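The values are calculated or read from the model by the stated rules, or taken from the named source; none is laboratory data. Note that the structure is a prediction, hence the values are computed from the model and not measured. Quick reminder, even Gly has a Cβ in these numbers, built from the backbone with ideal geometry, and neighbours come from all protein chains shown. Surface accessibility is based on the protein's heavy atoms, side chains included, excluding ligands, DNA and RNA. Shrake-Rupley method; radii C 1.70, N 1.55, O 1.52, S 1.80 Å.
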Amino acid sequence: MANLDGLYDAIVNGDAPATRGLTEQALGEGVDALALVERHMSPAMAEVGRRFEAGDYFVPELLLSARAMKAGLELVRPVLAAAGAEPAGRVAIGTVEGDLHDIGKNLVSAMLEGAGFEVVDLGVNVKPEVFVEVVRDKNISLLCMSALLTTTMLAMKRVIEALDQAGLRDSVKILVGGAPVTPQFASEIGADGSGVNAVEAVAMTRKVLGLAAA
Ligand code: B1M
C-alpha cells in the first residue's frame, strides 16, 4: 500500500529519489493526484518552511526539499493535466522579477492545465516587459503572477502599470498569488483577484473569465 507518510518524510528530508518512487507508487495504486499534493506534498513543504523559520533548516536543506518536491510534481503534473477537456482559454503565468520560487507556480500551472486551460508558462524571474510582450502577442485572456517574497510582490504592481502604459490593461484579466499575497493587496495594485492556493486559483480563473463553476 502507498506509503504516504513516507512521501511526506522524503520531501521534508530532501530525498528526491524516494519522493519520485513513492509518488509513482501512490499514483500507480490510484491515489488521487490532487489529494496527494494537498494532503501530503504541500504540507511537507510547509513543514520545511517552518523548520527554516525556526533556524533548524538552512538554504541547502530548502533546496534539497524543493528538488524532491519537484521530482514528485513532475509525475503528478501530467496526471492533473490529463483530467482536463477542451481549452477553456489561454493563460500566461510566471513568477515575477527577482523571485526564483516556482513550486507553487508550477502547481497552479498544472491545475489550470488540468482544468482545461492552455497555459503559457514564462518561468521565474520574469521581467514586466516580458509579461507585456506575451499579453500583446499571444492572445492571452488571463495573466497569473506568482511571488513568494514580500520584497518581490511589489513587482506585480509594476507589471500592471506596464500593461496600463502599453494600453493593454483592459485586454486581459489579472490574478495574483503566492504566500504573501492577500485579496486586499491584489485589490490595491489593481489586479482582478487572487488565489490562496492552486484550487482557488482555478476557481478564480473561471470566475474572472465569466465561465461557469466546474
Ligand atoms: Co524561499 N523563502 N527563499 N526558497 N522558500 C520562503 C518563501 C520563506 C517564506 C521562507 C521563510 O523564511 N520562512 C522566505 C520569504 C520571507 C519573506 O519574504 N517574507 C524565503 C526566503 C527568505 C528565501 C531567500 C531570500 C533565502 C535566502 O537566500 N536567504 C531565497 C530567495 C531567492 C529568490 O527567489 N530570489 C529563497 C530561496 C529558496 C529556494 C531556492 C531554496 C527554494 C525555492 C525552490 C523553488 O521554488 N524552485 C525555497 C523554498 C522551497 C521556500 C519555502 C520553504 C517553500 C516554498 C514552496 O515551494 N512552498 C518557503 C517557505 C514557505 O512557503 N512556507 C520559502 C510549496 C508551494 C506548493 O506553496 O509556493 O506558497 P506556495 O504556492 C501555493 C500558494 O502560494 C499559491 O498556490 C500554490 C499552491 O497551493 N500560489 C498561487 C502560488 N503562486 C500562485 C499564483 C497564483 C495563484 C496562487 O496566480 C493566480
Filtered residues of the range 65-81 (kept if open to solvent by 80 Å² or more (accessible area, probe 1.4 Å) and either at pLDDT below 80 or over 15 Å from H101 (Cβ atoms) (or both)): E74
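Kindly establish whether I103 is under 21 Å from C144 (Cα atoms), in contact with a helix residue (DSSP H, G or I) (Cβ under 6 Å, 6 or more places away or on another chain) and surrounded by fewer than 20 Cβ atoms within 10 Å (Cβ to Cβ).
Numbers: under 21 Å from C144 (Cα atoms): yes; in contact with a helix residue (DSSP H, G or I) (Cβ under 6 Å, 6 or more places away or on another chain): yes; surrounded by fewer than 20 Cβ atoms within 10 Å (Cβ to Cβ): yes.
So I103 passes the test.
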Working only within the range 149-183, note down all residues that are part of a loop (DSSP other than H, G, I, E, B), in contact with a helix residue (DSSP H, G or I) (Cβ under 9 Å, 6 or more places away or on another chain) and open to solvent by 80 Å² or more (accessible area, probe 1.4 Å). A179
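Need at least 1 residues that are more than 12 Å from the ligand (Cβ to nearest atom) and among the acidic types (D, E) per element, so show me which strands (runs of 3 or more DSSP E) inside the range 41-148 make the cut, counting only ones lying wholly within it. Steps first, answer last, please.
Working: elements: 90-95, 118-121, 142-146.
Correct list: 118-121.
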Checking L62 against (1) crowded, with 18+ Cβ neighbours inside 10 Å; (2) hydrophobic (A, V, I, L, M, F, W, C); (3) under 21 Å from H101 (Cα atoms), which single condition isn't satisfied? (1)
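Looking at A191, A198 in this structure, which one is modelled with pLDDT under 95 and hydrophobic (A, V, I, L, M, F, W, C)?
Matching residue, one of A191, A198: A198.
Is it the case that V37 is closer than 30 Å to G210 by Cα, part of a helix (DSSP H, G or I) and modelled with pLDDT of 85 or more? Walk me through how you get there before you give the answer.
Values: closer than 30 Å to G210 by Cα: yes; part of a helix (DSSP H, G or I): yes; modelled with pLDDT of 85 or more: yes.
So V37 fits the description; yes.
Here's the yes/no breakdown for (1) of a type in the set (S, T, Y); (2) more than 22 Å from E118 (Cα to Cα); (3) touching a residue at least 40 places away in the same chain (Cβ under 8 Å):
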residue	(1), (2), (3)
V135	no, no, yes
N139	no, no, yes
A147	no, no, yes
T150	yes, yes, no
A155	no, yes, yes
Q165	no, yes, no
